[in-house]
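The values are calculated or read from the model by the stated rules, or taken from the named source; none is laboratory data. These numbers were taken from a predicted model, which means no experiment stands behind them. Glycine also receives a Cβ, built like all others from the backbone with ideal geometry; neighbour counts cover every protein chain displayed. We work out accessible area using only protein heavy atoms, side chains counted, and drop any ligands, DNA or RNA first. Shrake-Rupley method; radii C 1.70, N 1.55, O 1.52, S 1.80 Å.
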Amino acid sequence: MREINASIPFDKRLWKQDIAGSKAHVAMLGKQGIVSAEDAATIAAGLDRVAEDYAANGVSEDLTLEDIHMQTEAKLSQLIGPVAGRLHTARSRNDQVATDFRLWVRDAIDETLAALGALRGALLTRAEEHADSVMPGFTHLQSAQPVTLGHHLMAYHEMIVRDASRFVAARARMNQCPLGSAALAGTGFPVDRHMTAQALGFDEPTRNSLDAVSDRDFAIDYLQAATNCSLHLSRLAEEFVLWASQPFGFVALSDQWSTGSSIMPQKRNPDAAELVRGHAGRIMGCMTSLMVTMKGLPLAYSKDMQDDKPPVFEAHDLLALSIAAMTGMVESATFRTERMRAVAEAGFSTATDLADWLVRVGGIPFREAHHITGRAVKLAEEKGVMLHQLGLDELTGIDGRIDERIYDVLSVDASVASRVSFGGTAPANVRAAIATARGLRA
């Protein structure tokens, strides 16, 4: 029973938040006259000593003390004697852990937002560097239309911006303080819940004591945001895995972010990217774990909720590693732009430009232009050349409405430069998007 009941092996990570919550609580107890000012000062000083000990020596895993709250109170009692027992006046471990956990998740969100900011910066820097670098754009992993590498990297920047917005929204939604809700019904002591909420940086106290001690939406919100973010990181990681392979040859990963083989000396394996890809599955599993734990619980607190913290801690650690790894890979990768250009030119990726030109200049309905372009692609395939290498007589032989102006749009450079619609891949658009993202005036 002692082993299954104890949570100290994992909730010891909450010690900073537990000390902060306790200091806010005892300051309020002293101000409200619930404990004497002298006792409140003694307890506060004792909590500082406990924090110093935790920082220097770590938190011991004494299963008889169950959790970080009992561990801290026992250590406090050793330091200041029986007065330590007054700290738990007008609170329960239910509202205490709900407060500690919210504080921890809030700190985790702040860390994540800072890390995502670094990844965004890396993407912006490399996108600006490659605003003009032509590469093949794919659908179904088949060459579709030429784009720029800068545009491609900015697509991931957009994903990371959305990820950050989810964490910001989750933080705003969770920023209410449960402290003072006690076990489930509130307390008869004249506590000042607004004082403790303000002291701990919350916007306000929670408005229903039953909900306050039993709510773990904030943890699920965090895990949902983490899952979305990990999916985007996984997609970027997969791009690096593909691009680093010999058939693609689009990127060379630095030695920092790749590994060798135990038997094949020529190998440079994208292990970090593959692990980021794998971490996404584990983070998704963490989210599922907590949602399944919470789905059938009646109000208020049930011991099942002790299992709320391990999946959040695991997801946080995995996500932090993943963001750091992808930031490092983006910053240090060597993009082989000549290879990218060669593949873009080889895949008839400007076929759509031919069809668009027939519509725009020749006034031909798009479906007819589509068929004409298909015949041009077939001829180029038969002759083993690219579209822009077909002679004018060959093109006019397919359709007499084609003239020499067609060559203005058939190169990959002309193709990407023409995509000037808002959000398009034209280099000027990419630079404008980067300027906007940096808060500059385009």
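Rolling a 1.4 angstrom probe over the chain with all protein chains present gives an accessible area of which 53% lies on carbon and sulfur atoms. Computed over segment 1-155, the P(r) curve from all C-alpha pair distances, binned at 10 Å from the origin, holds 10, 27, 21, 11, 10, 13, 7, 1 percent per bin. Under 12 Å of direct C-alpha separation, and excluding same-chain neighbours fewer than eight residues apart, K383 reaches these aspartates and glutamates: E394.
Amide H contacts under 5 Å for C177: E204, T206, restricted to partners 5 or more places along the chain or on a different chain, H placed in the peptide plane at 1.01 Å from N.
Applied to segment 299-306, the Karplus parametrisation 6.51 cos²θ - 1.76 cosθ + 1.60 on θ = phi - 60° returns per-residue 3J(HN,Hα) values of 6, 10, 8, 10, 5, 3, 5, 4 Hz, with x for Gly and Pro. For R268 and D408, the difference between the fully extended length at 0.36 nm per residue and the C-alpha to C-alpha distance is 46.3 nm. Computed packing ranks the peptides 10-19, 390-399 as 10-19, 390-399, most packed first, by mean other Cβ atoms within 10 Å. Residues whose amide H falls under 5 Å from that of V147, counting only those 5 or more places apart or on a different chain, are M135, G137, with hydrogens built in the peptide plane.
Kirkwood hydrodynamic radius for segment 378-438: how many Å is it when counted over pairs of different Cα atoms? It is 13.6 Å. Restricting the chymotrypsin sites (Phe, Trp or Tyr not before Pro) of segment 357-442 to loop positions (DSSP other than H, G, I, E, B) with no more than 13 neighbouring Cβ atoms within 10 Å leaves F422. Using the beta-carbon distance between S77 and S421 and R0 = 60 Å, what value does 1/(1 + (r/R0)^6) give for FRET efficiency, to the nearest 0.05? Calculated value: 0.30. Heavy atoms of the protein chains alone define the surface here; on that basis segment 346-438 has 51 Å² accessible area per residue at 1.4 Å probe size. Given the pairs K75/K309; K23/K303; K16/K303; K31/K295; K12/K295, which span a C-alpha to C-alpha distance of over 30 angstrom in this model? Too far apart for the 30 Å limit: K31/K295. If you take the Cα centroid of segment 186-245 and the Cα centroid of segment 51-116, the two points sit 18 Å apart.
Rounded to the nearest Hz, the phi-derived 3J(HN,Hα) couplings of segment 216-224 under the Karplus curve 6.51 cos²θ - 1.76 cosθ + 1.60 (θ = phi - 60°) are 10, 4, 4, 6, 5, 4, 4, 5, 5, where x marks glycine and proline.
According to the calculation over all Cα-Cα pairs in the chain, the P(r) per 10 Å bin from zero is 4, 17, 21, 17, 14, 11, 7, 5, 2, 0 %. Rounded, prolate or oblate: which one fits segment 59-100, using the alpha carbon gyration tensor with axes a ≥ b ≥ c (rounded when a/c is under 1.5, else prolate when a/b beats b/c, else oblate)? Because a/c hits 1.5 or more and a/b fails to exceed b/c, segment 59-100 counts as oblate. A DSSP coil position with no more than 16 other Cβ atoms inside 10 Å describes the following GluC sites (Glu not before Pro) in segment 1-74: E61. Take the Cα radius of gyration of segment 204-253 and divide it by 2.2 N^0.38 Å, N being the number of residues; the result is 2.08. Sorting the segments 87-93, 223-229 by their residues' average number of neighbouring beta-carbon atoms within 10 angstrom, most packed first, yields 223-229, 87-93. Cα centroids of segment 27-41 and segment 338-403: 82 Å apart.
The angle separating the long axis of helix 271-294 from the principal Cα axis of greatest extent in the chain is about 50 degrees.
Per residue, the accessible area of segment 94-342 comes to 42 Å² when a 1.4 Å probe rolls over the protein heavy atoms.
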